Every structure is written in structure tokens, then in C-alpha cells.
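The structure appears below as C-alpha cells.
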Amino acid sequence: MGIIKAVTGAVGGALADQWLDAFEAYDMGPSTVFTYGAPIRNDKRSSNTKGTSDYITDGSKIHVGPNQFMMLLDGGRVVDYTAEEGYYTVDMKTQPSLFNGDFGDAIKESFERIKFGGGTPTKQQVFYINLQEIKNIKFGTANPLNYFDDFYNAELFLRTFGDYSIRITDPLKFFREVVPRNANKVDIDEIDDQFYSEFMTALQSTMNKMSADGFRISHVSSRGQELSDYMSQALDEKWMDLRGFEIVSVGITSISYDDESKELINMRNKGAMLGDPSVREGYVQGSIARGLEAAGSNEGGATGAFIGMGMGMQNAGSYMAGVSQVNQQQMQAQQQAQQQAQSQQVQGQAGGWKCTECGTSNSGKFCTNCGAKAPEVSASKFCSNCGTKLGEGAKFCTECGTKL
């Protein structure tokens, strides 16, 4: 028992005119991974009006749509299959034709392992497996995942939620290892429990790998491609070998931290801000301003409050003055460093020259882009072409561009 190719491409309404019994996939939605072949009964001329799909007559036709893998079963064993869209004829006298499609010969090994599966000897069935990317498979961490962040130099803990997608790469292996026996239709949500725990274990391994590669914890949610690659490395070999499908993409929709991690992150960020002397000085001046404002609004009288504040300032004044002085010194040092860098940049530009061949700015004797030699410095005080007064050491006229 096998199938032979009848017609490729769509036939439309002529299907019922030409063939008596025909089958196609029943209700294959975006989350459907496996479904049965249902008789086409849209036309009154179809001879299959009993509603049974357990017997397929010789000469019946089977329609295979895009991204569908069709299996023909006889007595519970797979006797033929195709991954090529089109129309096929059931022929009880032929051997399996095995239309591999894009899978090549790699899938034949799975066929050899599965074709002798047991079952009812009088039952012929057509089943389909969805080869499209199966999307929006949800995941979430019930317990926080640990993540060591080099930036914070601490072990942090996060909860993450998102979704991932898979693609079936070996439909025969998927049928044998994942699809429940005697099932007629399976959605991904019905079988997700079989490998969900493995996915979450791999997610923790992926977090450890991203941590070791130096990704900051706050960047994890924006690194979807890297996350998918890591998850593929952690799971694909196992899932492809055991179940015949692979990870396509992983997306994180939200990340939250536990209370201790939040406190540590906030403390570290505040410390980083106070490392800037201008921020520290603003904080000091703001503290003084807030003290004066509080003193002025004191219900017991502003005079007494200012006297108390003065006594407090006298005690802490030397400390505040010292902090402010350090801040001012560091700010001045930063400004001087910036001015020096700018001055060196200007001097470098003033002492350079522009190549007349390619227009590249240079400072050496030869152009760094095309290798042209720098022009000789002119000893003349005026341009020989337009009479413009030249600066000391000029190599070309700034008015007309004449090379000196």
C-alpha cells in the first residue's frame, strides 16, 4: 500500500468532479501540531457520506497543503508519507513512494524505525503534522532564577515571563515520541507539559551562560537573538534527537527582581551617581537648601530654628565645607582635563594639512589615505595667484586654494 503523485498545485472545485473519495487535513490551526485526514464532503457527488475515516478505498485521493507532512497508516503502521504539497492517489498495489520534500533522505531512517508499529490490522488512516513555526508557547518562572552580574558584582535573582516557538524538523520522530497514542488531533498546549520542565532547566543554564559572557541583567530582555541562540545550544540537540523538533525563537516579555536584588541595584546606581563630583556637590548644596527651607517653615519660629540650625552648622560646618571643597577641586580638575584635550585637538588640526588628491586631513608627511606627500611650506607672504596675505607656514592659499 502506498501513494503515487496525482496532480500538483490547487485543483479547486474540480476535485469532487474527478475523484470519488478525497481526504485533507482537518482544522489545522496555528497551534495545531497533529491532526487527522478528514473526508471532503462539500459536494453531494462525493461517495464518502458515511463519516468514517478508518477505511480508505483503493484509488482515493489525498490533498497535502503547504507546510503539511502527510502520513498514510495501515493497521497502525506508517506505510507511506509525503512532505510535498499536491494531490496523491492511494494505490494498494504499490510500494511506498516516500516523497521526502525538503527533508531529503534524512527522514528515511525515522521511517524505517516507525513503519512496523503495531495496531488494528483493518484500519487505514491519514494524518498530518504541521511544519510551520508553532508560536506563542508561554513560559514563566515560578521561582526566581539566579544571575551573577559582573557590573554589580553580586548574585541577583529574577523572575521572567515570555514565549517561545518551535519547528518540527523530523515529523516521523515527532509522531512516534511526542504524539499520544490513539490521538486524532493535538494542539501544542496539550503536550507542552512533557518538555516544559526541560525548557525551564535550559533557561537557567542559558541565564548562567549569558552571565558568564558578561551581559548585564538589565539587558537580558533586549537580547532576544542571543537568548534564542543559547537556548538552541542547550536544547536543540536533545529535542531534535529525542523528539524531532527545535527551538526557533525565545522572547522575554517581562523581567522582575526580588526585593533584595532591587535594593542592591538601587544602592549601586545611587553610588555610581555620587561618584560624579558635580552630582555630589549638587547633593550637598541641596541638603543645605532643604535645611534652610525647613528652618523657615518651623512652627516654633524661624528665629529659633535658624539659631538651632546655626549651632548644627557650626558643628558640621567643617565637614560640609571639606566635602564641598573636595568636590570643587575634582570638578576643576575635570574641566582642566577637558580643556587640555580640546587644546591638543585644535593644535593638531592647526598643524596638519589637507591632501589635495583625496581631501583627507593629515598631520604627517604623507597622506594616510592615498600616500600623497605633504606640500612644502611656502616662504612667501602673499599668494602668487590672488595676492592674499598668507599665514606663517601656509601650504596653500585659504582664499583661492592655490598650492604653494
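Figures for the structure shown
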{"item": "Residues that are in contact (Cβ under 8 Å) with a residue 12 or more places away in the chain, assigned to a helix (DSSP H, G or I) and open to solvent by 50 Å² or more (accessible area, probe 1.4 Å), drawn from segment 247-263", "result": "E260"}
{"item": "Condition met for N146 (without any contact (Cβ under 8 Å) to a residue 12 or more places away in the chain, more than 19 Å from L235 (Cβ to Cβ), polar (S, T, N, Q) and surrounded by fewer than 18 Cβ atoms within 10 Å (Cβ to Cβ))", "result": "no"}
{"item": "Close pairs from segment 177-198: first surrounded by 14 or more Cβ atoms within 10 Å (Cβ to Cβ), partner in a helix (DSSP H, G or I), Cβ under 8 Å, at least 6 apart", "result": "E177/L242; V178/I191; V178/Q194; V179/I191; F195/W239; E198/L235; E198/K238; E198/W239"}
{"item": "Residues satisfying the stated conditions in segment 216-228, i.e. in a helix (DSSP H, G or I) and open to solvent by 70 Å² or more (accessible area, probe 1.4 Å)", "result": "H219, S222, Q225"}
{"item": "Segment 150-161, residues that are open to solvent by 10 Å² or more (accessible area, probe 1.4 Å) and under 25 Å from D189 (Cα atoms)", "result": "R159, F161"}
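Here is a yes/no grid of residues against (1) out of contact with any Pro (no Cβ under 6 Å at 6 or more places or on another chain); (2) open to solvent by less than 30 Å² (accessible area, probe 1.4 Å); (3) modelled with pLDDT of 85 or more:
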| site | (1), (2), (3) |
| --- | --- |
| M28 | yes, no, yes |
| P39 | yes, yes, no |
| T49 | yes, no, no |
| V64 | yes, yes, yes |
| L72 | yes, yes, yes |
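The values are calculated or read from the model by the stated rules, or taken from the named source; none is laboratory data. Note that the structure is predicted; figures quoted are calculated from it, not measured. With ideal geometry, Cβ positions are generated from the backbone for all residues, glycine too; neighbour counts draw on all protein chains shown. Calculation scope for accessible area: heavy atoms of the full protein, side chains included, ligands and nucleic acids excluded. Shrake-Rupley method; radii C 1.70, N 1.55, O 1.52, S 1.80 Å.
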